[in-house]
1. Relative to the longest principal axis of the chain, what angle (0 to 90°, nearest 10) does the C-alpha long axis of helix 2-20 take?
2. Could you please tell me the mean projected area of the C-alpha convex hull for region 225-270, averaged over all directions and given in square nanometres to one decimal?
3. Give me Rg over Rh for the chain, both radii from the alpha carbons and Rh done the Kirkwood way, two decimal places.
4. Given the -39500 (n - 2.57) contribution per DSSP H run of 4+ residues, what per-residue ellipticity at 222 nm results for the chain, rounded to the nearest 500 deg cm²/dmol?
5. Quick check on region 125-189: what does the Kirkwood estimate of hydrodynamic radius come out to from the alpha carbon pairs, in Å?
6. Kindly provide log₁₀ I(q)/I(0) values, in the same order as q = 0.12, 0.19, 0.22 Å⁻¹, from the Debye equation applied to equal alpha-carbon scatterers of region 291-413.
7. Determine the gain in length on full extension of the stretch N149-K60; use 0.36 nm per residue of separation and subtract their C-alpha separation, reporting nm with one decimal.
8. Is there a pair in K37/K219; K168/K329; K210/K413; K60/K156 whose C-alpha atoms are over 32 Å apart, and which pairs would that be?
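Every read-out reported here was derived from the displayed coordinates using simple, explicitly stated rules and does not represent laboratory data. Given the structure is predicted, the values throughout are model-derived calculations rather than measurements. Using ideal geometry, Cβ is built from the backbone for each residue, glycine included, and neighbour counts are taken over all protein chains shown.
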Amino acid sequence: MIEKIINVQLFLLIIIVYSVVPLYSQNNDTLSYFLGKEIQVNEPNSGGDLQCEPSVAINKNIIIVSWNDSYGGKINSKTGSAVGWAISYNNGQNFNFGGYLPKIDEKSVLRVDGVDSWLGTDSNGNFYLQVLSWQDRSHYLFVYYMDGNNLGKWEKRYTVYSDKLIDKPSMNVTSTGQINISYTGNIDKKNEIYFIHSSNQGKSWQTPLKLSNSTNPVKTGSCVVSYNDKILVGWVEGIAMNQNEIWFAYSLDNGFSFSKAKLLYKISKTFNIVNGYTIGALKDKGGNALFLLSTSVWITYTLNNNQANFWLAYTEGTENEGSRVILFKMDENFKQISGPFYVGNNSTDYERIFPTMTSIRNLPAVFYYDRRNHPFTTLTDVYLSIKLENDTFQDIKINSTPTDWSKLPGDPKFAPTQRNIGDYMTIASYDNKLATTWVGEKNGKARIYFRLIEFR
């Protein structure tokens with residue numbers, strides 16, 4: 001009888017242990033990892049039907065997520081959205097909703113109008129949040145600051161820059177709190193890429209530097225990243241929606257001067273149409289009312305014996321009307337360039353969309369929407385691909401259930417010009433952890449989802 005009880009207890013113990021065992025990789029060349037629970041970031045009671053373009057930052061066990069929320073359209077936002085945000089104090093097991101930006105006080109004449117949020121953190125545990133605000137007379141770049149010793153409250157607001165037209169800004173925060181921002185400006189109806197930075201946590205800013213120099217009328221989708229005194233900015237150029245050139249410029253003196261812009265790669269075929277990708281204004285135009293997308297480049301860096309390598313990812317079209325994510329590698333002096341590498345192990349032709357990037361274990365990690373399981377439909381998963389040292393990729397499916405993009409109309413009433421998925425999603429790393437955020441569907445509404453990955 002005692003032996004039977006022991007056997008039963010042992011059996012139950014095996015079941016319990018097996019139920020919580022990490023999802024370790026079986027291949028010795030790949031990284032072992034554990035997938036945390038997939039959760040929806042807190043949905044505010046006042047939130048709009050559309051939430052998209054999530055950004056994420058992680059520092060120790062603190063995680064902050066921000067997004068576009070069509071709540072802004074309810075209160076007269078020009079772009080149809082405000083920036084919502086939420087914070088987790090326990091590695092993303094749950095989030096507390098924090099409110100909307102830009103902040104309005106009694107002396108302010110600003111609308112709560114915000115898009116294109118971007119998060120960063122420094123080595124002291126402080127957080128930074130970039131918001132693009134389209135007001136009546138001008139467009140503003142704001143940066144909010146959250147003190148690591150007073151978490152949960154955006155204490156300060158800095159006006160980085162204002163102009164008649166600003167679009168698609170990206171932000172990079174260094175370990176020391178230097179803030180680097182690249183964005184698209186407009187001069188005489190022509191796009192140009194600019195860089196602006198602050199070395200004192202955003203309290204003062206250097207004069208913007210124009211980086212682009214070609215005759216292409218459209219320059220957009222920039223991204224900026226830095227390591228020590230090296231800064232790399234990449235972007236795409238073209239004519240109208242035919243953005244078929246990847247360009248870059250670099251700084252060797254921490255952003256005070258830049259090289260002449262150079263063409264990195266000419267895309268063999270652009271990729272502009274994704275089934276199920278639309279904006280609110282097209283909801284009633286029929287099933288074929290697709291919206292052309294304009295995606296951004298994404299950049300990160302890795303270290304090898306204290307030598308930096310920079311990595312740049314983008315989406316390229318394929319011959320059978322699908323898309324793939326392409327990846328380039330640069331040395332820290334930006335002289336030696338290799339690629340494109342095709343991201344992911346499945347070579348079947350289908351859609352891979354909106355790559356974003358960080359690094360883990362000094363390997364580049366690319367996160368993107370993916371339809372390998374449902375080619376050329378509107379059912380979409382999210383995948384992580386880690387480029388290993390042997391030039392293969394470790395692919396990890398992050399979401400548990402695919403999202404049907406055809407069931408996401410956006411918010412036609414309050415955000416008619418907002419895309420139902422937005423223009424990007426993001427991934428961030430800290431030590432051995434990756435924080436991932438993306439847009440999923442809940443009851444016909446676009447909602448923000450999160451999952452943590454820990455590597456062993």
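1. On a 0 to 90 degree scale, this one is about 10.
2. Result: 3.6 nm².
3. 0.97
4. Calculated from helices alone, the mean residue ellipticity at 222 nm is -1500 deg cm²/dmol.
5. Details: mean 1/r = 0.0780 Å⁻¹.
By the Kirkwood definition, the hydrodynamic radius is 12.8 Å.
6. -0.47, -1.04, -1.31
7. Result for the pair: 30.7 nm of gain on full extension.
8. Values: K37/K219 39 Å; K168/K329 23 Å; K210/K413 37 Å; K60/K156 23 Å.
Correct reply: K37/K219; K210/K413.
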